[in-house]
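Worksheet: the structure to be examined is printed underneath.
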Amino acid sequence: MAEDIEKQYDKIYRYCYFKVKNASVAEDLTQETFLKFLQQNSYRECGKKMEYLYTIARNLCIDSLRTRKELPLEEEVAGKSPMENVELNLSVRQALSMLKEEEQELLLFRYVNDMPVGKIAEFTNQSRFAVYRKTKEALGKLKKQ
């Protein structure tokens, strides 16, 4: 049970970090997501806990970005040494920044958080085919970059 919560926490944290681009804000939003989830009484266990957590996190991230006055700063990804990964980090970030936000989000859900296409489709209110097609197109654009 504790491992399941850790995996969920990590996935929600990565999602929040993707949205706000700030580690400490993402951690705060992740904690707030789980607090809101645990405090409410309306959720009934029907196998959609992650979708519900993503919905809470998305709303909190949107609220956070609206209220923040400064622009989010990009933080460096931790690596063995700063110089070893600089070129790779820059090229990946540059390629990702060329994608639409929706495409970036789909790639995050699918490949970083290992979310199945069916769950992504439910969460984004799209057909499985549309999610598969958009994900494939985003990967194609990323490879071209």
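The values are calculated or read from the model by the stated rules, or taken from the named source; none is laboratory data. The structure presented is a predicted model; accordingly, all values stated were derived computationally and were not measured. FYI the Cβ positions are ideal-geometry reconstructions off the backbone, even for glycines, and counts take in every protein chain you see.
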TODO: Filter the range 116-140 for residues that are surrounded by fewer than 16 Cβ atoms within 10 Å (Cβ to Cβ) and more than 17 Å from the chain's Cα centre (by Cα) and give the result.
DONE: Ser127, Arg128, Phe129, Ala130, Arg133, Lys136, Glu137, Gly140
Task: Exclusive hit being at positive phi and surrounded by 14 or more Cβ atoms within 10 Å (Cβ to Cβ), set Lys36, Lys21, Lys11 - done: Lys21
Task: Residue among Ser81, Ser64, Ser42 that alone is assigned by TED's automatic domain parsing to the domain that holds Val25, out of contact with any strand residue (DSSP E or B) (no Cβ under 6 Å at 6 or more places or on another chain), among the hydroxyl-bearing types (Ser, Thr, Tyr) and modelled with pLDDT under 80 - done: Ser42
Open item on the list: For the range 125-145, which positions are among the aliphatic types (A, V, I, L, M) and more than 21 Å from Ser91 (Cβ to Cβ)?
Closed with: Ala130, Val131
- [ ] Within the range 84-115, track down each residue that is farther than 24 Å from Tyr9 by Cα, modelled with pLDDT of 85 or more and surrounded by fewer than 17 Cβ atoms within 10 Å (Cβ to Cβ).
- [x] Met98, Lys100
